[in-house]
Amino acid sequence: MVGTEKNVSQVQELANKIRENVQKAIVGKDEAINIALVALLCKGHILVEDVPGIGKTTLGKALSASLGCSFKRIQFTPDLMPNDVLGVNFFNQKSSEFEFRPGPIFSQVILADEINRATPRTQSALLEAMQETQVTIEGVTMELPQPFLVISTQNPVELEGTFPLPEAQLDRFMVRVVLGYPTPHEEGEIYLRFDRNTMSTNLKPMVEPDEIRRVQEIPPTVKIDSPVRSYIVDLINRTRNHPGISLGASPRAGLALYKTAQAWAAIDGRDFVIPDDVKTLAYCVLPHRMILSSTARLRGNTAEHILEEILTEAPVPIER
């Protein structure tokens, strides 16, 4: 147990370093940054969704700059093709042979900016990469570098020129982060930073790839007692049986909730998971994986509202 506590302190120290660095570019948003760090620790991927001008791209760039990994930004547009993401085989006239030119996907951190501006064909180019950390091009399978993290931003689907992500791809994102508007105090701080010219854009790496890979092995050692495990199973099953949901959370979603709760506890400096960890992470792990029934949509319900109802009704295990 002492060894686990020591390892957890390493996770907390790394998370604090990255968070403080990211906050040089982002004002506030502690919880959003922590959720992004949870996905990194769990070897998952991040979907940042909100209206334009909120800071989605800034968050992605700041997090990428803090990790010390190879980085590529892909600006998704309607004319972007899968080969622009994965790479292409071309004929080298000097060597008279075909050679492979790697695309930006062959980086450790990918910022897929405005991913829902691209067509579904191009969006699907990320599916294998996000799930298997490999890509297959013309029958040849190639491994991607580790650690591998995709940070995708998207505008709400109600805006013009967007293509909704298919359910299969949404399920590949471990967490969805909604930034929301800043508070009046935070917005005032943004203006002050602009006046003082202290809005950091060139952040220094806080960690190295080897350190990230080593720390990623710690969250799975965080203990989850049987009552908390049963609580997670109960929540997942309630999403499948709720009358307002036509497609509930998948087993992948349940496993994501399990893993992220462990990482959240580790960031908080604990070597055990409590029910509040599960409830906190449920809001960023489950809603984007749930499909509402037509009746629920007509009544103006959202996945978040139904999840809140489920969390209210589900009995919470009490520590003895």
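Tell me, what ³J(HN,Hα) does each residue in the range 244-255 have, in order and in whole Hz, if you take phi through Karplus 6.51 cos²θ - 1.76 cosθ + 1.60 with θ = phi - 60° and put x for Gly and Pro?
Result, rounded to whole Hz: x, 10, 8, 9, x, 5, 7, x, 4, 5, x, 5.
Taking the range 175-231, which GluC sites (Glu not before Pro) meet the DSSP loop condition and have no more than 14 other C-beta atoms within 10 Å?
Hits after loop and neighbour filter: Glu217.
Quick query: amide H of Phe272 versus all other amide H atoms, modeled in the peptide plane; which residues come in under 5 Å with a sequence gap of 5 or more or a different chain?
Close amide H contacts, sequence-distant or interchain: Lys223.
What ³J(HN,Hα) values, in whole Hz, does the Karplus curve 6.51 cos²θ - 1.76 cosθ + 1.60 give for the range 292-309 when θ = phi - 60°, with x put for Gly and Pro?
Per residue, the Karplus-derived 3J(HN,Hα) values read 6, 6, 4, 5, 5, 5, 5, 7, x, 6, 10, 4, 5, 5, 5, 4, 4, 5 Hz.
Which order do the peptides 34-40, 261-267, 272-278, 134-140 come out in when sorted by mean C-beta neighbours inside 10 angstrom, highest first?
Ranking, from highest mean packing down: 261-267, 34-40, 272-278, 134-140.
Starting from the amide H of Asp50, placed 1.01 Å from N in the peptide plane, find each other amide H under 5 Å away whose residue is 5 or more places distant or on another chain.
Amide H to amide H, under 5 Å and 5 or more residues apart or across chains, Asp50 pairs with Gln154.
Below 21 Å, Cα to Cα, which lysines can Lys223 reach? Residues fewer than 8 away in the same chain don't count.
Within reach: Lys6, Lys43, Lys259, Lys279.
Anyone know which of Asp271, Asp79, Asp195 comes out most mobile in the 10 Å Cα GNM of the chain?
Asp195
Please name whichever of Val177, Thr136, Thr153 sits farthest to the positive end of the charge dipole of the chain, dipole taken about the Cα centre and charges placed at Cβ: Lys and Arg +1, Asp and Glu -1.
Result: Thr136.
Might you report the magnitude of the Cβ-based charge dipole of the chain about its Cα centre, with Lys and Arg at +1 and Asp and Glu at -1, to the nearest 20 debye?
In debye, rounded to 20, the chain gives about 220.
If you line up the long axis of helix 275-285 against the longest principal axis of the chain, both from Cα atoms, how many degrees apart are they, to the nearest 10?
Here the helix axis deviates by roughly 40 degrees.
Please determine, in degrees from 0 to 90 and to the nearest 10, the orientation of helix 30-41 with respect to the longest principal axis defined by the Cα atoms of the chain, where the helix direction is its Cα long axis.
70 degrees
For the range 241-320, calculate the relative contact order in percent as a whole number, restricting contacts to Cα pairs under 8 Å that are 6 or more residues apart.
Reported as a whole number, the value is 37 percent.
State, as an integer percentage, the relative contact order of the range 16-62 based on alpha-carbon contacts under 8 Å between residues 6 or more apart.
Relative contact order comes out at 48 percent.
Could you work out the relative contact order of the chain, using alpha carbon pairs under 8 angstrom and six or more residues apart, expressed as a whole percent?
That works out to 23 percent.
Which of Phe148, Phe194, Phe91 ends up with the largest GNM mean-square fluctuation for the chain, with Cα atoms connected below 10 Å?
Result: Phe91 has the largest fluctuation of those listed.
First check a/c for the chain, with a ≥ b ≥ c the square roots of the eigenvalues of its C-alpha gyration tensor; if it is under 1.5, answer rounded, and if not, answer prolate when a/b is larger than b/c or oblate otherwise. Intermediate results must be reported in sequence, preceding the final value.
On the way: a/c = 1.39, a/b = 1.25, b/c = 1.11.
Because its axes are fairly even, with a/c under 1.5, the chain counts as rounded.
Residue by residue, what Karplus-based ³J(HN,Hα) values in Hz, rounded to whole numbers, does the range 88-97 have, using 6.51, -1.76 and 1.60 with θ = phi - 60° and x for Gly and Pro?
Whole-Hz 3J(HN,Hα) from phi for the range 88-97: 8, 8, 10, 8, 8, 5, 5, 8, 6, 9.
Taking the chain as a Gaussian network, Cα atoms linked when under 10 Å apart, which of Thr302, Thr280, Thr183 shows the biggest mean-square fluctuation?
Most flexible of the set in this elastic network: Thr183.
To the nearest 10 degrees, how steep is helix 2-22 against the longest Cα principal axis of the chain, on a 0 to 90 scale?
Its long axis makes an angle of about 60 degrees.
Taking the Cβ-Cβ separation of Leu192 and Arg213 as r and a Förster radius of 41 Å, what is the calculated FRET efficiency to the nearest 0.05?
The calculated FRET efficiency here is 0.60.
Collect residues whose amide H, placed 1.01 Å from N in the peptide plane, falls under 5 Å from the amide H of Leu149; neighbours closer than 5 in sequence don't count.
When sequence neighbours closer than 5 places are left aside, the close amide H contacts are Val109, Ile110.
A short reminder: the numbers here are calculations on the coordinates, not readings from a lab. Only a predicted model underlies this, so the values are computations on that prediction, with no experimental measurement involved. Note that each Cβ is placed from the backbone with ideal geometry, even for glycine, and that neighbours are counted across all protein chains shown.
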